Amino acid sequence: MKTVRDTIKVTSTGGRPTFHTVTDQVKDIVRKSGVKSGICVVFSRHTTCAVMIDEDSFDKAYTGLTYLQQDLADVFEKIIPTCRKEGQYMHPGPELTVYAAKHGEDKPGTLNTDAHLRSSIMGRSESIPIIDGNMELGEFGHIYFVDFDHTRARDRQVTVQIIGE
Amino acid sequence: MKTVRDTIKVTSTGGRPTFHTVTDQVKDIVRKSGVKSGICVVFSRHTTCAVMIDEDSFDKAYTGLTYLQQDLADVFEKIIPTCRKEGQYMHPGPELTVYAAKHGEDKPGTLNTDAHLRSSIMGRSESIPIIDGNMELGEFGHIYFVDFDHTRARDRQVTVQIIGE
Amino acid sequence: MKTVRDTIKVTSTGGRPTFHTVTDQVKDIVRKSGVKSGICVVFSRHTTCAVMIDEDSFDKAYTGLTYLQQDLADVFEKIIPTCRKEGQYMHPGPELTVYAAKHGEDKPGTLNTDAHLRSSIMGRSESIPIIDGNMELGEFGHIYFVDFDHTRARDRQVTVQIIGE
């Protein structure tokens, strides 16, 4: 039994939710790990991002998202609209704005309330069984890292932690 | 430390979301595994399905769902309405329709956009601690495999992966 | 490779969703476990509660919730309104009410349908990679145990299960 860890680096576009297909990279990490039976946790350390599994939708919208990704963005736009200005949500408040400034984030960069909320509801990770050396994704499953933060392009890390034998 | 894997087979009804209670079967797999301390991942390899834990609601609606299952279906009907025809959502698009046909799926069978979206939000799995040989489900917890795909009856597999000692 | 388990006890307020910050307690359990590389599952055995990761929002609303917690409560109030009386949702039905009474729960205490539904959508746990002895929470990540049950104050247990080496 062993643990193997790796990190995938991606950069979001800003301006809209960004979906990164990380299926092949995670498959590669699983193969190199040599683990035949276990669990692969694909995890976001960022509180405005999420990890999800879905099929490839092939057709692409003008936004660059696949139709299914755009449909998901549209659902969230309806229930948790994109934060366009302060006061739309309670967050960001005055103390958060001071704290963010101390950490190098300007006021527009704190208008990602929707991203925090969407990420909370989506969940921070997926735990995928590894069976006979392969992830149990079925014929059509892809792993997506989603950055819901629309405020600007950001460098992100996807953590992959494998445990098994 | 060891890993133990098993599969539970279920068949959905079509026509509405299907909830399969798999609690007893998963308990059986945990008991047979001999694992006393660890984690049990109950996972859906299907991208229109989800795994959830909830209490039994006992009363049943005319649809066959328990009241709580029906309430969950009603919430999703409000925020992600059942896909009844092409164009209601962006997915399925023309390329997806061709791809699906090549994989034996006709046009009505691709009208499961709502199921993909609901499944993404629910999450693909639950990771349940195993303590003293029993899953930590509390007094009232049941494990449900949910198939949100309403387009037709489908055979499904629930993957159970146990890791522990 | 080993497993380590611990429990954190919290008490909700009733009257609104309660958010318990358990970050420091979980960090403590991870440190004491001695596990350097593995996975930490933070899990709710209660079917009206959830575990989530988010940043600290600092500013507090009159309710006692941080702005971001209040925003999340507001989103759920919109899509899954607080259950105020029987008949608002299908659950609780007559059989559930009899069952609940046998388990010491009075009628007002069964009006937590919204909490079951919110909990199902949020998910019951978070699986957090442990790397070099620390949880992969990033600079701003906090772990929250959320009790959505508004009907009364309740004693709750947060299960922490660590697996690794």
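No lab work stands behind these numbers, since they all come straight from the coordinates. These figures come from a predicted structure and were not determined experimentally. Here the Cβ is made from the backbone with ideal geometry for all residues, glycine too, and neighbour counts use every protein chain on show.
Under a 5 Å amide H cut-off, with hydrogens placed 1.01 Å from N, C:Ala61 pairs with C:Thr66, C:Tyr67 among residues at least 5 apart or on other chains. Count the net charge of all other residues whose Cβ sits under 10 Å from the Cβ of A:Pro17, scoring Lys and Arg as +1 and Asp and Glu as -1. Net charge in that neighbourhood comes out at -2.
Write down the Kirkwood hydrodynamic radius of region C:28-67, to one decimal in angstroms, obtained as one divided by the mean of 1/r over all alpha carbon pairs.
Values: mean 1/r = 0.0746 Å⁻¹.
The Cα-based Kirkwood calculation yields 13.4 Å.
Between B:Lys85 and B:Gln157, the FRET efficiency estimated from the beta carbon spacing at R0 = 22 angstrom works out to 0.15. For region A:9-107, trypsin sites (Lys or Arg not before Pro) meeting the loop criterion (DSSP other than H, G, I, E, B) and having at most 14 other Cβ atoms within 10 Å: A:Lys36, A:Arg84, A:Lys85. Note that the protein assembly as shown shows a convex hull volume over its alpha carbon atoms of 134 Å³ per residue.
Relative contact order of chain C, taken over Cα pairs closer than 8 Å and 6 or more residues apart, is 54 percent.
Converting phi to 3J(HN,Hα) with the Karplus coefficients 6.51, -1.76 and 1.60 and the offset θ = phi - 60°, region B:123-134 yields x, 8, 7, 10, 10, 10, x, 9, 10, 6, x, 10 Hz in sequence order, with x at every glycine or proline. Nearest 10 degrees is fine. How inclined is helix C:67-79 to the longest principal axis of chain C, computing both from alpha carbons? It works out to around 40 degrees.
Stokes-Einstein D for region A:6-165 at 37 °C, 0.692 mPa s, Kirkwood Rh over Cα pairs, in µm²/s?
Values: Rh = 16.7 Å.
The Stokes-Einstein estimate is 196 µm²/s.
Farthest towards the positive end of the charge dipole of chain B, among the residues B:Thr21, B:Ile131, B:Pro94, is the Cα of B:Pro94, using unit charges on the Cβ of Lys, Arg, Asp and Glu. For region A:30-39, 3J(HN,Hα) computed residue by residue from phi via the Karplus equation (6.51, -1.76, 1.60; θ = phi - 60°) reads 5, 4, 5, 5, x, 6, 9, 9, x, 10 Hz, glycine and proline entered as x.
For the residue pairs B:Lys27/C:Lys85; A:Lys78/A:Lys107; C:Lys9/C:Lys60; B:Lys60/C:Lys85; A:Lys27/B:Lys9, the alpha carbons lie more than 28 Å apart in B:Lys27/C:Lys85. Test of understanding: in a Gaussian network model of chain A with alpha carbons linked when under 10 Å, which of A:Glu139, A:Glu126, A:Glu55 would top the mean-square fluctuation ranking? It is A:Glu139.
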